[in-house]
Amino acid sequence: MNSISALGTDDALAAPRPLLEVRGISCNYGLERAVFDLSLTVHRGEQVCLLGPSGCGKTTVLRAIAGFHSVLTGGIFINDLQVSAPGAMVPPEARRVGMVFQDHALFPHLSVRQNVASGLRSLSAGEQKTAVDDMLDRMDISRHAEKYPHELSGGQQQRVALARALAPKPLLLLMDEPFSNLDQELREHMGQEVSDLLKENDITCVMVTHDQNDAFALGDHVGVMADGAIVQWDTPYNLYHQPRTHFVADFIGNGIFLPGDVSGSARVATALGELESDEALDRPVESPIEVLLRPDDVVHDPEGPIRATVRRRAFKGAEIMYTLRTTQGITLLALFPSHANYEIGDEVSVRLAVDHLVVFDRDPED
């Protein structure tokens, strides 16, 4: 009878409970308020990122989740257990949280095997060996088991730090700028590799970073932070294509803001011609606005109506990022296929190919 009754309850049909809930927390950093009424939810097996510039409060949030920083308001719940509240904290070691730091924080006098085993002291020697061997194998570093940190590359040290954090089987993995000490090529490779590893092992993760490439490689959802608050919590795709604020549009990706005026329900008049959106703009005609133009909205076209001069170029392999200056004095960013190879000072023709207009209000005096 009990099982039949349980199956018939609303709770049985409800969505799974989140693994992590941060409910309206505020925190100080020294004497200054660093986090303001911040909330977020992370479900089991999800990887999320807090992304923002230095000083925005993202590391303070991570430290609060880990149990290294107290909260002034709100609460933090891990697996339905409240671990932080004003004046009360479950200690870090009791939260079942793994931590990967920016500098990896490996013990230099311990071998790889000993580093990974350092969080398993409560297990017997046999259980420790089994757990360590499993993690070394998963991270593909078994052949380095007897080496010391200084004998490893940056990527190998990253794997050891992950293995050590995951060996105790934490409910939640926290990572603080984990790729910042790696060179660009390696950090891109490691970001994708770590993301695949976490997903394959159904590991729940929260990462903080100032680098959007790291966030986009790892995050199912990304929270963009500014001044101690999350200003948009969304998928990487939506953050890039549908930013909700001028700050998010400016912080995420590359682009410029083209001044214009609403000329119809879905049209904007600009110095580079009239642009039409696939959706109504929800603004009165003649409203002063700015249109976000991404580099992929500016298309190389020898017959294009916009003439411009190349001011800067950055070779990116399959593509070249150009900074252009139009005859109207407007700066544009454009991505051309790498075979469209122009030098600084060359003249080019482009056209705008913008279907969904992202617009923001503009001061009429600007």
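The values are calculated or read from the model by the stated rules, or taken from the named source; none is laboratory data. Remember, predicted model here, so these are calculated numbers, not experimental data. Glycine also receives a Cβ, built like all others from the backbone with ideal geometry; neighbour counts cover every protein chain displayed. Please note that ligands, DNA and RNA were not included when accessible areas were found on the heavy atoms of the full protein model with its side chains. Shrake-Rupley method; radii C 1.70, N 1.55, O 1.52, S 1.80 Å.
Computed from the Cα positions only, the extents of the stretch 112-185 along the three principal axes stand at 40, 27, 17 Å, in decreasing order.
Shape verdict for the stretch 19-91, please, from the Cα gyration tensor: rounded (a/c under 1.5), prolate (a/b greater than b/c) or oblate. Oblate, because a/c is 1.5 or more while a/b does not exceed b/c.
Per-residue ellipticity at 222 nm from helix content only, as computed over the chain with -39500 (n - 2.57) for each DSSP H run of at least four residues, stands at -6500 deg cm²/dmol.
Once each of the GluC sites (Glu not before Pro) sitting in a DSSP loop with at most 15 other beta-carbon atoms within 10 Å is removed, the chain keeps 1-145 as its longest stretch.
Taking other residues whose beta carbon is less than 14 angstrom from the beta carbon of PRO92, and scoring Lys, Arg as +1 and Asp, Glu as -1, yields +1.
With unit charges on the beta carbons (Lys and Arg positive, Asp and Glu negative) and the dipole taken about the Cα centre of the stretch 192-277, which residue among THR270, ALA249, THR209 sits farthest to the positive side? Selected residue: THR270.
With both labels modelled 7 Å from their Cα along Cα-to-Cβ, the SER122 to ASP250 distance reads 4.8 nm. GNM remark for the chain: springs join alpha carbons under 10 Å apart, and the peak mean-square fluctuation among ILE203, ILE306, ILE76 falls on ILE306. Rg/Rh, computed from the Cα trace of the stretch 182-325 with Rh as the Kirkwood radius, has the value 1.03. With an 8 Å cut-off on Cα pairs and a minimum separation of 6 or more residues, tell me the relative contact order of the chain in percent. Reported relative contact order: 14 percent.
Its relative contact order, with pairs defined as Cα atoms under 8 Å and 6+ residues apart, puts the stretch 88-205 at 38 percent. Calculated FRET efficiency, GLU185 to ASP103, Cβ-Cβ distance, R0 = 22 Å: about 0.65 to the nearest 0.05.
Couplings for the stretch 286-300, taken from phi via the Karplus curve 6.51 cos²θ - 1.76 cosθ + 1.60 with θ = phi - 60°, read 6, 5, x, 9, 10, 9, 6, 10, 7, x, 6, 7, 9, 9, 5 Hz in order; Gly and Pro are left as x. Hey, how much of the P(r) for the stretch 220-282 falls beyond 13 Å, as a percent of Cα pairs? Result: 67 percent of Cα pairs exceed 13 Å. To the nearest 0.05, what FRET efficiency results for TYR148 and GLU32 with a Förster distance of 45 Å applied to their C-beta separation? Plugging the Cβ-Cβ distance into 1/(1 + (r/R0)^6) gives 0.65.
Tell me the carbon and sulfur percent of the accessible area for the stretch 91-139, rounded to whole percent, probe radius 1.4 Å. Answer for the stretch 91-139 is 54 percent, counting heavy atoms of protein chains only. The Cα atoms of the stretch 184-232 define a convex hull whose projected area, averaged across directions, is 3.6 nm². Bridges between two residues of the chain, per DSSP, are antiparallel at a rate of about 80%. For the stretch 290-335, trypsin sites (Lys or Arg not before Pro) are listed when DSSP marks them as loop and at most 14 other Cβ atoms sit within 10 Å of their Cβ; the list is LYS316. The amide H of SER263, built 1.01 Å from its N in the peptide plane, has VAL268, ALA269, GLU286 as neighbours under 5 Å, considering only residues 5 or more places off or on other chains.
With a Förster radius of 41 Å applied to the beta-carbon distance between LYS199 and ASP278, the computed FRET efficiency rounds to 0.80. Across the stretch 166-265, the convex hull enclosing all Cα atoms gives 144 Å³ per residue.
Summing charges over neighbours of GLU127, with a neighbour being any other residue whose Cβ is under 14 Å away from its Cβ, gives +1 when K and R count +1 and D and E count -1. Cross-link reach is defined here as a Cα-Cα straight distance under 30 Å, omitting same-chain residues fewer than 8 places apart; for LYS129 the lysines meeting it are LYS147, LYS169, LYS199. Listed values for the stretch 213-218 are Karplus-derived 3J(HN,Hα) couplings in whole Hz (6.51 cos²θ - 1.76 cosθ + 1.60, θ = phi - 60°), namely 5, 4, 5, 6, 5, 9, and x replaces Gly and Pro. LYS147 contributes about 70 Å² of solvent-accessible surface, heavy atoms of the protein only, 1.4 Å probe.
Semi-axis lengths, largest first, of the ellipsoid equivalent to the stretch 1-159 are 33, 26, 15 Å, with √(5λ) applied to each eigenvalue of the Cα gyration tensor. For the stretch 136-194, the relative contact order comes to 30 percent (Cα pairs under 8 Å, sequence separation of at least 6). In this structure, the amide hydrogen of ARG313, modeled 1.01 Å from its nitrogen in the peptide plane, lies closer than 5 angstrom to those of THR323, counting only residues at least 5 positions away or on a different chain.
Karplus-derived 3J(HN,Hα) values for the stretch 157-170, using 6.51 cos²θ - 1.76 cosθ + 1.60 with θ = phi - 60°, are 4, 4, 5, 5, 4, 5, 4, 5, 5, 8, 4, x, 6, x Hz; glycine and proline are entered as x.
Label positions at HIS241 and ASP227, each projected 7 Å from the Cα along the C-beta direction, are separated by 3.0 nm. In the full protein context, the chain carries 50 Å² of accessible surface per residue, based on a 1.4 Å probe and ignoring ligands, DNA and RNA. LEU152 sits with roughly 20 Å² accessible to a 1.4 Å probe, with DNA, RNA and ligands left out of the calculation. Across every pair of non-identical alpha carbons in the chain, the mean reciprocal distance, once inverted, gives a Kirkwood radius of 23.6 Å. Could you tally the net charge around GLU151, taking each other residue with its Cβ under 14 Å from the Cβ of GLU151, Lys/Arg +1 and Asp/Glu -1? Result for the neighbourhood of GLU151: +3. When the inverse distances between all different Cα atoms of the stretch 242-329 are averaged and flipped, the Kirkwood radius reads 14.6 angstrom.
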